[in-house]
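S.K.: Once you've had a glance at the structure underneath, I'll fire off some questions.
The values are calculated or read from the model by the stated rules, or taken from the named source; none is laboratory data. Computed from a predicted structure; not experimentally measured. Because the Cβ atoms are built from the backbone with ideal geometry, glycine has one as well, and the counts that use them run over all protein chains shown.
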Amino acid sequence: MISFPFASKQYNKSILTVAVCLLCIIGYSQTATLSGKVTAENSPLPFANIYIKGTSLGASTDVNGQFIIRDIPFGEYTLVISSIGFEVLSEYISLTKPVNIISNFQLIENAASLDEVVISGTMKEVSKLDSPIPVEVYGFKFFKANPSPSVFESLQNVNGVRPQLNCNVCNTGDIHINGLEGPYTMVLIDGMPIVSGLSTVYGLTGIPQSLIERVEIVKGPASSLYGSEAVGGLINIITKKISRAPLLVSDVFSSDWGEVNYDLGVKFDFGEKVQSLLGINYFNYQNPIDNNNDGFTDLTLQHRFSVFNKLNVKRKDNRLFSIAGRYVYEDRWGGAMNWEKKYRGGEEVYGESIYTNRWETFGSYQLPLKEMVKFQFSANGHRQNSVYGSTIYHAEQFIGFGQLTWNKVMGNSDLLLGAAYRYTFFDDNTPATSGTKHPEVIHLPGLFAQNEITINEQNKLLLGLRYDYNSIHGNIFTPRINYKWNSSNQQNIFRVSAGNGYRVANVFTEDHAALTGARSVEFEGELSPETSWNINVNFVKKSYASKGFFLGIDTSVFYTYFSNRILPDYETDPDKIIYGNLDGSSVSQGIALNLDMSWTSGLKILAGATLMDVSVSENGERFRQLLTESFHGTWSIAYEFSSKGLRVDYTGNLYGPMRLPLLGKLDPRPEYSTWWSIQNIQLTKTFLNQWEIYGGVKNLLNFTPAANSIARPFDPFDKNVVFGNSGEAIPTPDNPYALTFDPTYVYAANQGIRSFFGIRYTLKTAR
């Protein structure tokens, strides 16, 4: 103790107190505070992680991208900033003064997309690397490389995924995954089943693409989690998180064919607790073109309006509450060039006219419990007023869905339990709901369980089982098992999966070939649910070379075996489409390869190829399934001149021959299509980080199918066709090949080469 001989004890005590305080102040002054903001593409990046290497000090950004780290001892450090889906950033910092040091950091997207968050495989948010189920992810930038008026068209450059037109006249279509038709693919929006049944061929239109954050694709059955329809795979459209969405996105483009598409996205705040994301899509095409001279429109005329709104409510402890809604109205028609609305439903001039009114709502609510318990719901109504020549088709559908899930991590097990209920009401004026089935009501309660077991850092096992009770078809069980191995550096990943799927078919709601043309529709007995067994082997390799080169390899081998499959029979009787359960088996098998390459120079290449064999075996014969290619290739090549704000995108696809539906043995048209390719090029110029002007050419090779893709377009009501006693067409001098009017001989769009131009404005969140 320091003391002064002439001072009192009280004085000495005071001196001691002052000294201790001074030491505390000096000690305290040897620390600093670091604060700042983390952004991505000039927008705040919430929930990014910031830590000081070699210490326990760190923080996370809030919804505005802000962070603060206090009480950092003076010194020199490495600051590490990371966020899922972005490159890890390391920055040197020197702290020598006890002041608040402000630093802002910009993260860039990970070229390899190593840590993208995915939810579709396991119904939980996990990184793409950790998911035991292979999930392909395509972000908004991927779709900007080839802008299209609908998600349906945008998927044309995804390997193994093909938009298939079902009708040459009305241009409706569905999505094929690995050769399996659209009804085998479940389409979700934010994890909720929205597009199904009557909306199978319309549900992927009218989604404002300015609101899409990413699209997740699972190839292979997912029925153990999602139930019916997820037999061939699923497509999950994830909308933007409101906290990360720009304040305003306005995007308009047009082509020299006369197409006009407008997307608008706006973010609002209602007080401190409610955020809203509004999206509007408008598409208009009213320019009949007949370049193939068959007397019919090459492209269906459309007038479509869609509005989407999503609300997030801020709750205690950041619990989730989100609700969204969408409304779509569409008026489309195709047919003879001289068709007018006054001919609708008559036999004077042939036209196919479809009025669609559709609404949707869906949401998620996390219960105020310590455990992770979440309730999700969706509902949609679809009303269709349509005519196909003189065939009138009116249909109405309502689907309500609710799901309760409980997620619990216990040791090395990540358990997910769920209960679901789906109500379907369907009514139309076809044999689908005639007689005692008029209208059709289906109750579908279900239970499911999933356990993800982490064996160690390199091995995971996932087990799943679902039980459903269909009020018409009874009990349905769908199990699955998945195994995943990864190397210690996570640059090599091996996955193998096996599972069961099922589907209950509704012909008239899913296949418009049953309505269009002159063929009649017949059913062979009561249609039983389809079942399938699938095995998939997946290997992923990530490689990094010098000078920033990245190579990603993703390859899969798949095999799916169907029993009770429902396939349209165009060949037994050329005047009929016969639906029935296959008395045999069907197999879809193949191998797929995806390559992802990027260079620091600004060059990026995505390329993929799929070899597959989709066959049907019946009565001792094996033949290729109709409208299924044996080869599918895609590519997307981009080069960015960052200093000049220029980007060039070259995209395309290549398809092998498909077997096509002929109208009998006398039909002179080829049984198989030719090899064909659709290629596009686009140039984009960016100004002030807000404006983008883009333009280019679609279908560079000007590929279109042969002009005879519509049989007898000059006699669409078969007024000059002679029929025999059994109803079959008979050869005559005026009809030597015994053909009837038929638009089902379709594999590609009749829309040829065209230029396009667009302007996009994005107002980011204020810094």
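S.K.: Scan segment 653-681 for residues that are in contact (Cβ under 8 Å) with a residue 60 or more places away in the chain, out of contact with any Ser or Thr (no Cβ under 8 Å at 6 or more places or on another chain) and hydrophobic (A, V, I, L, M, F, W, C) and jot them down.
M.R.: Scanning segment 653-681 gives LEU662, LEU666, TRP676, ILE678.
S.K.: Can you tell me which residue in segment 635-661 is surrounded by the most Cβ atoms within 10 Å (Cβ to Cβ), limited to those that are in contact with a Gly (Cβ under 8 Å, 6 or more places away or on another chain) and modelled with pLDDT under 90?
M.R.: Looking at residues that are in contact with a Gly (Cβ under 8 Å, 6 or more places away or on another chain) and modelled with pLDDT under 90, I get GLU640.
S.K.: Looking at ASN702, ASN725, which one is farther than 26 Å from LEU155 by Cα, not in a strand (DSSP E or B) and not hydrophobic (A, V, I, L, M, F, W, C)? Show your work before the answer.
M.R.: Working: ASN702 fails: farther than 26 Å from LEU155 by Cα.
Only one candidate passes the filter, namely ASN725.
S.K.: A follow-up question, please. Against the condition under 27 Å from PRO193 (Cα atoms), of a type outside the set (A, V, I, L, M, F, W, C) and in contact with a Pro (Cβ under 7 Å, 6 or more places away or on another chain), how does GLY206 come out, does it pass?
M.R.: On the way: under 27 Å from PRO193 (Cα atoms): yes; of a type outside the set (A, V, I, L, M, F, W, C): yes; in contact with a Pro (Cβ under 7 Å, 6 or more places away or on another chain): no.
For GLY206, the condition - under 27 Å from PRO193 (Cα atoms), of a type outside the set (A, V, I, L, M, F, W, C) and in contact with a Pro (Cβ under 7 Å, 6 or more places away or on another chain) - is not met.
S.K.: Go over the candidates ASP251, ASP269 one by one and state the one that is at pLDDT 95 or above and within 26 Å of PRO46 (Cβ to Cβ). Walk me through how you get there before you give the answer.
M.R.: Numbers: ASP269 fails: at pLDDT 95 or above.
Just one listed residue meets the conditions, ASP251.
S.K.: From the list ASP290, ASP331, which one is surrounded by fewer than 20 Cβ atoms within 10 Å (Cβ to Cβ), over 29 Å from GLY400 (Cβ atoms) and without any contact (Cβ under 8 Å) to a residue 60 or more places away in the chain?
M.R.: Values: ASP331 fails: over 29 Å from GLY400 (Cβ atoms).
Answer to the check: ASP290.
S.K.: Restricting the first residue to segment 695-720 and requiring it to be free of Cβ contacts under 8 Å to residues at least 40 places away in the same chain, which pairs with a second residue that is in a strand (DSSP E or B) meet a Cβ separation below 8 Å and a spacing of at least six or different chains?
M.R.: Here the result reads ARG712/ASN735; ARG712/ASP742; ASN720/ASN735, each pair linking segment 695-720 to a residue that is in a strand (DSSP E or B).
S.K.: Same structure again: Select from segment 54-68 the residues that are more than 18 Å from ASN312 (Cβ to Cβ) and among the polar types (S, T, N, Q) and list them in ascending order.
M.R.: Taking segment 54-68 as the starting set, the residues that turn out to be more than 18 Å from ASN312 (Cβ to Cβ) are 54-60, 66-68.
Scanning segment 54-68 gives THR55, SER56, SER60, GLN66.
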